Amino acid sequence: MKINAGIFQYKMRDETPLRKVQRLEKELQQTAGLDLIVCPELFLSGYGSFDKIKEFCEESGGEYAKKISLLAKKYSTAIVYGYPEISRNSLFNSAQYFDNQGLSVSNHRKKMLPPTADESKIFEPGIENSIITINGIKAAIVICYELEFPELIRKLALQGVELIIAPTGQSSNWPAAALYNCRTRAFENGIFVIYANSTGTLNGISFMGESKIIGPDGLDINNANEDEKVIVGEINTDQISLVRKKLPYLDDARKLN
């Protein structure tokens with residue numbers, strides 16, 4: 001199975017969600033043939049400002065969700081984006097997946113909340129894993145800090161997940177997460193990882209970019225470095241079996257249980 005996947009590495013700035021959606025559409029206009037595009041964590045509100053999170057939070061079917069749904073349908077491209085979700089007076093750090101027909105298939109609520117920028121105080125933790133299928137490829141959505149738990153990703157890989165989609169808001173304070181951990185999660189499980197980070201500086205936080213599409217060998221298929229841009233890479237699951245024949249981590253991991 002194959003898909004052409006993209007990442008919109010957005011430069012954090014103080015602007016409205018509508019302007020961000022417009023920027024996303026401009027990128028979709030200029031990047032043909034994408035099956036999937038992934039935007040960073042808290043794409044709609046920005047990261048690190050409780051005031052902005054409260055101002056721009058919405059339900060999963062809210063105003064901006066509807067606009068992104070229309071983009072997915074218009075450009076026949078599935079979209080994953082991060083946003084602050086309000087539900088029954090609780091806030092969640094969420095990432096929603098619209099398929100290429102604009103239908104909401106999954107709404108992942110971040111389960112693991114770090115103390116960074118008071119996330120663990122602002123948001124309620126999610127409960128469920130979010131496993132989806134994109135053009136026959138079994139994928140799971142995790143958000144930033146969740147990718148740093150090898151146990152979580154190993155469990156998903158043992159359930160047959162071939163692709164991890166990780167909207168992220170990683171600052172330059174913890175470069176190892178963006179430089180090494182995400183590649184290690186791909187390598188130690190023989191899976192693809194889409195790591196979609198922000199760049200730029202906002203609310204006193206310097207986002208380090210380094211968005212990347214990583215193959216099951218742990219090496220980058222494409223890397224955005226530090227600029228605002230869209231990068232594209234092919235996810236071809238045939239590569240998974242080739243890697244696992246040489247390094248059968250999952251088969252050997254099952255022997256440990």
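Out of the DSSP beta bridges found with both residues in region 74-177, what percent are antiparallel (nearest 5)?
85 percent
As a test, work out the antiparallel percent of DSSP beta bridges whose residues both lie in the chain, rounded to the nearest 5.
Roughly 70 percent of the DSSP beta bridges within the chain come out antiparallel.
Taking the beta-carbon count within 10 Å as an exposure proxy, list Thr199, Thr116 from fewest neighbours to most.
Numbers: Thr199 21, Thr116 17.
In order of increasing Cβ crowding within 10 Å: Thr116, Thr199.
Along the Cα→Cβ direction, 7 angstrom out, place labels at Leu219 and Ser120. What is the inter-label distance in nm?
Roughly 3.9 nm, to one decimal.
On a full-extension model of 0.36 nm per residue, what is the gain between Asp238 and Lys155, subtracting their alpha-carbon distance, rounded to one decimal in nm? Mind showing how you got there, number by number?
Values: separation 83, 0.36 × 83 = 29.88 nm, distance 2.11 nm.
Stretched out fully, the Asp238 to Lys155 stretch lengthens by 27.8 nm.
Does region 200-257 classify as rounded, prolate or oblate by the C-alpha gyration tensor (a ≥ b ≥ c root eigenvalues; a/c under 1.5 gives rounded; else a/b over b/c gives prolate, otherwise oblate)?
Oblate.
At a threshold of 8 angstrom on Cα-Cα distance, excluding pairs fewer than six apart, so keeping six or more, what relative contact order does region 2-254 reach in percent?
So the answer I get is 21 percent.
With 21 Å as the limit, write out which pairs from Lys138/Lys212; Lys73/Lys111; Lys138/Lys255; Lys2/Lys138; Lys66/Lys229; Lys2/Lys26 have Cα-Cα distances beyond it, or answer none. Working shown, then result.
Values: Lys138/Lys212 19 Å; Lys73/Lys111 29 Å; Lys138/Lys255 23 Å; Lys2/Lys138 11 Å; Lys66/Lys229 24 Å; Lys2/Lys26 25 Å.
From the list (Lys138/Lys212; Lys73/Lys111; Lys138/Lys255; Lys2/Lys138; Lys66/Lys229; Lys2/Lys26), the Cα-Cα distance tops 21 Å for Lys73/Lys111; Lys138/Lys255; Lys66/Lys229; Lys2/Lys26.
Counting DSSP beta bridges with both partners in region 90-238, what percentage is antiparallel, nearest 5?
70 percent
How do Arg23, Arg185 rank when sorted from fewest to most other Cβ atoms within 10 Å of their own Cβ?
Working: Arg23 18, Arg185 26.
In order of increasing Cβ crowding within 10 Å: Arg23, Arg185.
If you take volume of the Cα convex hull per residue in Å³ from the coordinates, which of [x] 120; [y] 144; [z] 110 do you get?
This structure yields the entry labelled [z].
Bear in mind that the values in this text are calculations on the coordinates, not laboratory data. All of these numbers come straight from a predicted model, not from anything done at the bench. No Cβ is skipped: glycine too gets one built from the backbone with ideal geometry, and neighbour counts run over all protein chains shown.
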